[in-house]
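A.B. asks: Before I ask anything, here is the structure I am working with.
All of the numbers you see were taken from the coordinates with simple rules; none came from a lab. This one's a predicted model, so the numbers in the text were calculated from it and none came from an experiment. Note that each Cβ is placed from the backbone with ideal geometry, even for glycine, and that neighbours are counted across all protein chains shown.
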Ligand SMILES: Cc1cc2nc3c(=O)[nH]c(=O)nc-3n(C[C@H](O)[C@H](O)[C@H](O)COP(=O)(O)OP(=O)(O)OC[C@H]3O[C@@H](n4cnc5c(N)ncnc54)[C@H](O)[C@@H]3O)c2cc1C
């Protein structure tokens, strides 16, 4: 039985603000909307909320905090560098201006950060690391508790499929498939799309992503199917930086989905032919793109017991761990084992390691120009301490760069650049903030910061926007 009918639609339920997706962006949106006094419903397609956010490392890029006092101007410069000076820069400004306040708000909601890390493109350790159970799981758990305290209605296993509009084009609700079939949910004020990316939708990746991107093993939440993008396109929303496509990240074990980066402590990467194919000290994004062009996309890390020990002593290994390893007392035996398991040319592998050991001694790598272990840090080291180890990996991905175009209020824009009334978006469903690059820790960061803004503005919808607030975005210089 519908609750009531209007606009020719049978409504099953209604709230001021409907949020679609229960990851970091959706949870923060729903919390802030209810804090503003709005009634809220959050629809989540899966059995549990959390999405990619829950699976993530939990690093959040923030500035002007008690852990990292570096200021917003410095972070803005680093973000611009990470985005290759090619992004909707206005969104970076919003990000840095909201970072310190978001840190305090997360603390209020129970998220304790215990340290901060410096990754590529960072002049300071901007990436804040949560304590508690750690990773994105800690952030999601705190936000979920905060949402439940505010009596947010969370409806699980209910997948939003299309946005509903009135005769003027205003988004007034959503049709969603759940256990009771297809039902319509009405939004008195606005809908917030927070349904994540589309790393698990090969068809969309082939359509929009960079060629080869569909070969990456997704490590993302099961709901990363691009529903939000499709729903946005269904109401003529514009997109931004979609052509950047899946952003490959770490080499992963295709069976278990785990990731490992022993190469940054001295391992080499070889292909099925037993040959190196990249400079192992490069940023993992480049390594993964190189891996996608190898036979069966195999990128095998080969190392010895001394390198293994150093990796396990490194804090990053406690986050990533080690993928299932093959080990053998000699390089020849390791080559044979790899040959039996996945057809690797074991003899070529032995020759490759021997040649690499010569390069490590001379400090010159004529094949791939490796001079350090990672970036410009750490001297090359030989692989000659038995026993020897290998992990068989493929390129993996944790997120998608492009998506729906939004302004600084997180209103979704149409192809003419006008805001679609009643529609907001935040998180990986959007594109433009990261532009053509990314900074580690700013994906979760943007889901949180922009989710928060989307939720507040959605709760405030239907008031007149001042000229200043209308949120025109700067066109990127390309
Ligand atoms: C292994 C891993 C490690 C990572 N580490 C980091 C890190 O340390 N720092 C960082 O910045 N980024 C990291 N990322 C990327 C980051 O986690 C994501 O980009 C970010 O969390 C996306 O947040 P979101 O809220 O937009 O999407 P999600 O967290 O994916 O949430 C979207 C939610 O919407 C639901 N949904 C989808 N479709 C529908 C629908 N039709 N109806 C209703 N619900 C729907 C999904 O099931 C999901 O729960 C990592 C990602 C992974 C996978």
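A.B. asks: By what distance, in whole Å, do the Cα atoms of the stretch 171-286 stretch along each of the three principal axes, largest value first?
C.D. replies: Principal-axis extents of the Cα atoms in the stretch 171-286, largest first: 58, 30, 23 Å.
A.B. asks: Expressed in nm to one decimal, what extension gain is obtained for the pair residue 71 and residue 145 from 0.36 nm per residue of sequence separation less their Cα-Cα distance?
C.D. replies: Numbers: separation 74, 0.36 × 74 = 26.64 nm, distance 3.08 nm.
Length difference between fully extended and current span is 23.6 nm.
A.B. asks: Any chance you could check the Cα centroid distance between the stretch 73-97 and the stretch 110-164 for me, in angstrom?
C.D. replies: If we compute the Cα centre of each part, the gap is 22 Å.
A.B. asks: Taking 7 Å along the Cα-to-C-beta vector as the label spot, tell me the residue 133-residue 296 distance in nanometres, rounded to one decimal.
C.D. replies: Using points 7 Å along Cα→Cβ, the separation is 3.6 nm.
A.B. asks: I've got another one for you. Can you tell me the orientation of helix 331-342 relative to the chain, as the angle in degrees between its alpha-carbon axis and the longest Cα principal axis, to the nearest 10?
C.D. replies: 40
A.B. asks: I would also like to ask the following. Relative to the longest principal axis of the chain, what angle (0 to 90°, nearest 10) does the C-alpha long axis of helix 72-82 take?
C.D. replies: For 72-82 against the chain, the angle is about 60 degrees.
A.B. asks: Taking 8 Å as the Cα distance limit and 6 or more residues as the minimum spacing, I'd like the relative contact order of the stretch 248-393 as a percentage. Kindly include the intermediate steps, with their values, before the conclusion.
C.D. replies: Numbers: 283 pairs, mean separation 49.7, N = 146.
With pairs under 8 Å counted, the relative contact order is 34 percent.
A.B. asks: A further question follows. First obtain the Kirkwood hydrodynamic radius of the stretch 342-407 from its Cα pairs, then insert it into the Stokes-Einstein equation at 10 °C and 1.306 mPa s, and state the resulting D in µm² per second as a whole number. Walk me through the intermediate numbers first.
C.D. replies: Details: Rh = 15.2 Å.
Answer from the Stokes-Einstein relation: 104 µm²/s.
A.B. asks: Continuing with this model, one more query. Mind sorting 9, 172 by how few other Cβ atoms lie within 10 Å of their own Cβ, fewest first?
C.D. replies: On the way: 9 16, 172 25.
Listed from fewest to most nearby Cβ atoms, that is 9, 172.
A.B. asks: Follow-up. Between residue 4 and residue 377, how high is the FRET efficiency from 1/(1 + (r/R0)^6) when r is the Cβ-Cβ distance and R₀ = 60 Å? Nearest 0.05. Spell out each step's value before the answer.
C.D. replies: Working: r = 64 Å, r/R0 = 1.07.
Calculated transfer efficiency: 0.40.
A.B. asks: Okay, next question. At 222 nm, what value in deg cm²/dmol follows for the chain if DSSP H runs of at least 4 each add -39500 (n - 2.57) and the sum is divided by all its residues, to the nearest 500? Could the numbers behind the result be given before it?
C.D. replies: Working: 13 runs with 149 residues, N = 478.
Per the formula, -9500 deg cm²/dmol.
A.B. asks: What value does the chain have for Rg/Rh, both radii from Cα atoms and Rh as Kirkwood defines it? All intermediate terms of the calculation are to be shown ahead of the outcome.
C.D. replies: On the way: Rg = 23.6 Å, Rh = 23.2 Å.
Radius of gyration relative to Kirkwood radius: 1.02.
A.B. asks: Let me ask you something else. Put a dot 7 Å past each Cα toward the Cβ at residue 101 and residue 416; how far apart are the dots in nm?
C.D. replies: Distance between the two pseudo-spin positions: 3.2 nm.
A.B. asks: Looking at the chain, what % of its DSSP beta bridges pair antiparallel, to the nearest 5? Intermediate values should be presented prior to the final figure.
C.D. replies: Values: 48 of 69 bridges.
Beta bridges within the chain, antiparallel portion: roughly 70 percent.
A.B. asks: Over the stretch 129-257, calculate the relative contact order: mean separation of alpha carbon pairs under 8 Å at least 6 apart, over the residue count, as a percent. Write out the running numbers ahead of the final one.
C.D. replies: Details: 145 pairs, mean separation 23.2, N = 129.
Contact order relative to length: 18 percent.
A.B. asks: I've got another one for you. Which order do 168, 330 fall in if you start with the one that has the fewest other Cβ atoms within 10 Å? It would help to have the intermediate numbers written out before the result.
C.D. replies: On the way: 168 8, 330 12.
If I rank by nearby Cβ atoms, fewest first, I get 168, 330.
A.B. asks: Counting only C-alpha contacts under 8 Å and six or more residues apart, can you give the relative contact order of the chain as a whole percent?
C.D. replies: The normalised contact order for the chain reaches 23 percent.
A.B. asks: Another question, if that's okay. Name the residues of the stretch 387-428 whose amide N is less than 13 Å from a point 7 angstrom out from the Cα of residue 93 along the C-beta direction?
C.D. replies: Counting backbone N atoms under 13 Å from the label point, the list is 408-409.
A.B. asks: To the nearest µm²/s, what D does Stokes-Einstein give for the stretch 64-110 at 10 °C and 1.306 mPa s, using the Kirkwood radius over alpha carbon pairs as Rh?
C.D. replies: Working: Rh = 11.3 Å.
Translational D for this selection: 140 µm²/s.
A.B. asks: Still on this structure: Please determine, in degrees from 0 to 90 and to the nearest 10, the orientation of helix 135-149 with respect to the longest principal axis defined by the Cα atoms of the chain, where the helix direction is its Cα long axis.
C.D. replies: 20
A.B. asks: What length, rounded to one decimal in nm, is gained on full extension from residue 362 through to residue 157, with 0.36 nm per residue of separation minus their alpha-carbon distance? It would help to have the intermediate numbers written out before the result.
C.D. replies: Details: separation 205, 0.36 × 205 = 73.80 nm, distance 5.87 nm.
Result for the pair: 67.9 nm of gain on full extension.
A.B. asks: Could you compute the FRET efficiency for residue 283 and residue 330, with r as their C-beta to C-beta distance and R0 at 30 Å, rounded to 0.05?
C.D. replies: After rounding, the FRET efficiency stands at 0.40.
A.B. asks: Can you pull a Stokes-Einstein diffusion coefficient for the stretch 248-393 at 4 °C (1.567 mPa s), Rh from Kirkwood over Cα pairs, as a whole number of µm²/s? Mind dumping the intermediate values first?
C.D. replies: On the way: Rh = 14.8 Å.
Once the numbers are plugged in, D ends up at 88 µm²/s.
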